[in-house]
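*Asks:* Before we start, here is the structure in question, set down as structure tokens.
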Amino acid sequence: MAETVTIARPYAEAVFSLAREKGALAQWSDRLETLSAFAGNAEVSAVIDNPNVRQEQLVELFSSACGKADGGLSNRLKLLAQNDRLTVLPEIAGLYETMKRAEEGTRDGQIISAFAMSDAQVREVTPELEKHFKCKLNLSVTVDETLIGGIVVTVGDQTLDASVRGKLAAMAVALKN
């Protein structure tokens, strides 16, 4: 895993630099998402690994997956094909998204809730969480019934524990001391 990320990083940085320069972060995000899904397809992976398929054919195949390919996309695909790196497109897309969110000041966060949360409930708590973490958040929710009640929010290496289980654990430590 670490090896593919190391291989993918320079490609992701180059694409990000081009996209930022052209003011097309969202457009490249969509392209990379499409290419990532395409490269992850088992049948496409077999074609990539087939030694009888020429690089030009691979570039044409991947270009067609995105619809109309401009020069920037075609050049990147040619470079990836020449270096046998088409299989790392999912990692390139993931790294690109991380750079894009950092540029936009957005971070991914995880809400762990004792009960399922509706989209409206997530929207309701998001502004307070964004104030607490001092950034714009892209939140996902999972359920952990062992929390008893409340939520635990993790953003990067920061955690906000507002669960009943967390409060009980804090009380137990206070009583022991």
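The values are calculated or read from the model by the stated rules, or taken from the named source; none is laboratory data. On a predicted model such as this, the values are computed, not experimentally measured, just so you know. Heads up, the Cβs are rebuilt from the backbone with ideal geometry, glycines too, and the neighbour counts pull from every protein chain shown. Quick note on the areas: whole protein, heavy atoms, side chains included, nothing else; ligands and nucleic acids left out. Shrake-Rupley method; radii C 1.70, N 1.55, O 1.52, S 1.80 Å.
*Asks:* Just one of Pro10, Pro51 is outside any helix (DSSP H, G or I), at pLDDT 90 or above, surrounded by fewer than 18 Cβ atoms within 10 Å (Cβ to Cβ) and of a type outside the set (S, T, N, Q); which is it?
*Replies:* Pro51
*Asks:* Now, a different point. Filter segment 120-141 down to the residues that are touching a residue at least 24 places away in the same chain (Cβ under 8 Å) and of a type in the set (S, T, N, Q), then identify the one that is most open to solvent (accessible area, probe 1.4 Å).
*Replies:* Step one: filter segment 120-141 for residues touching a residue at least 24 places away in the same chain (Cβ under 8 Å), giving 125, 129, 132-133, 135-141.
If we keep only those that are of a type in the set (S, T, N, Q) as well, we get 138, 140.
Numbers: Asn138: 80, Ser140: 55 Å².
Selected residue: Asn138.
*Asks:* While we're on this one: Are there any pairs with C-beta distances below 6 angstrom linking a residue in segment 142-159 that is open to solvent by less than 40 Å² (accessible area, probe 1.4 Å) and modelled with pLDDT of 95 or more to a residue that is assigned to a strand (DSSP E or B) and of a type in the set (Val, Ile, Thr), with the two at least 6 apart or on different chains, and if so which?
*Replies:* As it stands, the answer is Ile151/Ile111; Val152/Ile112; Val153/Ile111, since those pairs meet every condition given.
*Asks:* For Val88, work out the one condition from (1) in a helix (DSSP H, G or I); (2) open to solvent by 70 Å² or more (accessible area, probe 1.4 Å); (3) not small (Gly, Ala, Ser) it doesn't fulfil.
*Replies:* (2)
*Asks:* Considering each of Ser74, Ser36 in turn, give the residue that is assigned to a helix (DSSP H, G or I) and at pLDDT below 90.
*Replies:* Values: Ser36 fails: at pLDDT below 90.
Unique residue meeting the criteria: Ser74.
*Asks:* Got at least one residue in segment 74-82 being surrounded by 13 or more Cβ atoms within 10 Å (Cβ to Cβ) and either at positive phi or touching a strand residue (DSSP E or B) at 6+ places or on another chain (Cβ under 9 Å) (or both)?
*Replies:* The first filter runs over segment 74-82 and keeps only residues surrounded by 13 or more Cβ atoms within 10 Å (Cβ to Cβ), leaving 74-81.
Among the residues that remain, those that are also either at positive phi or touching a strand residue (DSSP E or B) at 6+ places or on another chain (Cβ under 9 Å) (or both) are: none.
No, because not a single residue in segment 74-82 is surrounded by 13 or more Cβ atoms within 10 Å (Cβ to Cβ) and either at positive phi or touching a strand residue (DSSP E or B) at 6+ places or on another chain (Cβ under 9 Å) (or both).
*Asks:* In segment 136-177, which residues are under 10 Å from Ala114 (Cα atoms) and β-branched (Val, Ile, Thr)?
*Replies:* Thr142, Val143, Thr146, Ile148, Ile151, Val152, Val164
*Asks:* Return the residues of segment 13-48 that are among the basic types (Lys, Arg) and surrounded by fewer than 14 Cβ atoms within 10 Å (Cβ to Cβ); say none if nothing qualifies.
*Replies:* Selection gives Lys22 alone.
*Asks:* Looking at segment 89-103, which of its residues are among the β-branched types (Val, Ile, Thr) and either modelled with pLDDT under 95 or farther than 23 Å from Glu60 by Cβ (or both)?
*Replies:* As a first pass, look at segment 89-103 and keep what is among the β-branched types (Val, Ile, Thr): 92, 98.
Listed by number, the list holds a single entry, Thr98.
*Asks:* Also, quick follow-up: Determine if segment 101-119 includes at least one residue that is assigned to a helix (DSSP H, G or I), loosely packed, with under 14 Cβ neighbours inside 10 Å and among the basic types (Lys, Arg).
*Replies:* Taking every residue of segment 101-119 in turn, none turns out to be assigned to a helix (DSSP H, G or I), loosely packed, with under 14 Cβ neighbours inside 10 Å and among the basic types (Lys, Arg).
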